[in-house]
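Please treat every number below as a calculation from the coordinates, not as lab data. No experiment lies behind these values; they were computed from the predicted model shown. With ideal geometry, Cβ positions are generated from the backbone for all residues, glycine too; neighbour counts draw on all protein chains shown.
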């Protein structure tokens, strides 16, 4: 099942540099692991912002929440989740409007 | 180059049925043609709304505007375009945060 | 899987009375059928507004979209869907914060 | 009487860890006690956010405010309360639209 | 129990004059009846707008919804209801902050 | 003359406890004095929020600003003032729509 | 007493030309009469919009509402009223911040 | 040329008292100097808020920005500027709608 | 003097085709005449929307309002004007931050 | 390819003065270098705000994100990017609506 997620990161200005670098590294490793597992199937940077649009392919709402709430950057993020369904015009869906 | 687009369709209540069906058919054919050409690479229905999230892969802003403004449903749509860049954690980008 | 849905109904003023009554009846029958099937598990009226908060228990995003987009009142509605997960403090979840 | 409540939690980044854990524990105990008393009848996590949708069954506005304002996390929360009424299509209400 | 309600009236421009006058008369009679019954305890015009702030004293959410949804002008209104509780500084509450 | 005021209080998390208690006490005393003087005629708690709806009866805009800007909690508040006029359906106004 | 008012005019596209011209003429005559009476003391056009910022000098909220609700264009307007007080830095107030 | 400006002041809670008083004094002197020069022609307090509506009469956009950005309180302010034009109904403009 | 303007065009669905084409032609001729006069110095299409960002170089607020309010499409537009000043980092301004 | 960017700068009040001056200097040098390279083709100050409207001419979304995310002030900014296309009425485009 697919979910669209927008993530906006707001790191406090006074967060010590090394703490920041460590969290960002953990976030990358975590994200790449999920991509290799096929859970995090799209990850795009929103131009000009410390934000991304992502698409997740998971089996349930609960699984998605577990993934997102365990993001190392989670406490510094605003996230918004939109559930996605197949579109009748999507040729991969072999259906039409 | 990738662009994220949200489209919200608002068809007038008093639009004659056959006019409506024809435009929707034209929209589907137009969308499926662009998908076959590799321009419209993702098309997902937003659950519960006559809206979609799409991702386009085109060569320029002008090309994207030409595609969108020629959508049969364009005059009945609200669209919002967000340019996308590669994300350092995207494993396909072989880069990391 | 649970989904929270807000529905705001905006019926056009110039919709003929009998058309209106028929659609509203169809909406009620449709809603009650889904409740009997255990899909539409909560349906509350928002005080003072032609709106409701509902909770659906379905197996997928696609199933929910099919249900919502087939609501007789769908074209006269604004709907917003929020996926729900188990809360660690929910005693039925036998888990804690 | 039923009330729909949205709670968004914003814990300050610089809140000491043990203080945070203690408040969160108190919040869980408080919430579970109210659930056992039948006051807090639904508690769902909003996927991807440190937020919840809840439904309370209480006898008055004042009782609800007392409950909410005594939440251990109250000072770190944004809450919005919406009073709910019976919906004519709710089969439990044995009434229809 | 007290509820704060904001009502914004939007009468269609093309509503025939006599229909308009009749509905407005019915609205006034309905409002004044509820005031005499002690349900509608405050009714103030928002300066410069076809809107009002009102306070209702009713026994339940359901009673309030029945009152509001039966307003002759209801279909031409946007309404927002906020439940009120006693304030600790309200001298009539013989309590303080 | 009547004015509707919404007040939302945002006390900083790191405000020392005793300072907080003192300001809150001063706020209550100030509010109760104005109520006894007939200036602050309604004070209701918005359920679930550290906010209130109030109605003031004063002789001028300037008098209201002096009252509000001297609230002990003023610097920690967001306030919004709406001037009120008599409503033609208000039976106390012995007028009708 | 001074009040700041923003007025946004939205004339329906299908309003017959002569009806439109007549209302606009009446609006001008009404506005100019109030200016001559010293009630409507400032009237500025917001550049690029069919809107204005105005300042009224009247004796009460009720007087202002009577003035505004009798504007010929009132039913085609969105209006927002903000009560004004003397500013301590206003040299005409012979007071300072 | 006239410009409408809204200024909302947000002084940090932890700003030392004497620093605060000094800035506020400087702001008043600066504002009064500009009033005497005929640049800052209207300055009104928004009732209940640490905000004002002002009107400036200057020769250019650049002059206005220089004035505003040199306000002692500028870094603690949100400002919004709206350019004003003559209104056809303004009797001082000897023109009509 | 420079002004930034956003224009969003909303043509009614039921506007007859020939009326629409005529207005759009007039709009283009009007826009191109102003560009030749050096008044309308930038005109860019916002990708995916019937909207544009423009920059005007005019001598006064009044001149800009006259230009904008005489746009053939004016009654079908939402416009928002932002006055621009020289930026200290603009190399053409030979100044720096 | 052209992109419209709005940048709003929010420097923390407690940022040491010399740190602030250094970052602002770096920002200017960086901006002026990009202007000389023809990337940053327009940079205008929004009157009354620590904000600017800019237009960039770059070859791709990724190039723009690299430029923006390396702005010395980036972590203190809110930025919003809008892709621009040629407008049919732009005489430089030798095209018409």
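Any idea what the relative contact order of chain B is, in percent, if you count C-alpha pairs under 8 Å spaced at least 6 apart?
Relative contact order here is 43 percent.
Cα-based Rg (one decimal) and Dmax (whole number) for the protein assembly as shown, in Å?
Rg, Dmax (Cα atoms, Å): 29.1, 77.
How well do other chains shield peptide C:36-44, expressed as the mean number of their Cβ atoms within 10 Å of each residue Cβ?
So the per-residue partner count for this stretch is 4.
With a point put 7 Å past each Cα toward its Cβ, work out how far residue C:26 is from residue H:39 in nm, to one decimal.
6.6
Once both axes come from the Cα atoms, what is the angle between helix F:17-36 and the longest principal axis of chain F, in degrees from 0 to 90, rounded to 10?
20
According to a simple spin-label model (label point 7 Å from Cα along Cα-to-Cβ), what is the distance in nm between residue A:93 and residue C:19?
2.7
Sticking with the crude label model, points 7 Å out along Cα→Cβ, report the distance from residue D:70 to residue C:74 in nm, one decimal please.
4.6
Taking the axis that carries chain H onto chain B, what is the nearest Cβ in chain H, and at how many Å, to the whole number?
H:80, 12
Does segment A:1-45 classify as rounded, prolate or oblate by the C-alpha gyration tensor (a ≥ b ≥ c root eigenvalues; a/c under 1.5 gives rounded; else a/b over b/c gives prolate, otherwise oblate)?
It comes out oblate by the Cα gyration axes.
In deg cm²/dmol and to the nearest 500, what is the mean residue ellipticity at 222 nm of chain F if only DSSP H runs of at least 4 residues count, each as -39500 (n - 2.57), divided by the residue total?
Mean residue ellipticity at 222 nm (helix-derived): -9500 deg cm²/dmol.
Please label the shape of segment F:5-97 as rounded, prolate or oblate, based on the square roots a ≥ b ≥ c of the eigenvalues of the alpha-carbon gyration tensor (a/c under 1.5 means rounded; beyond that, a/b larger than b/c means prolate, else oblate).
Here segment F:5-97 falls in the prolate category.
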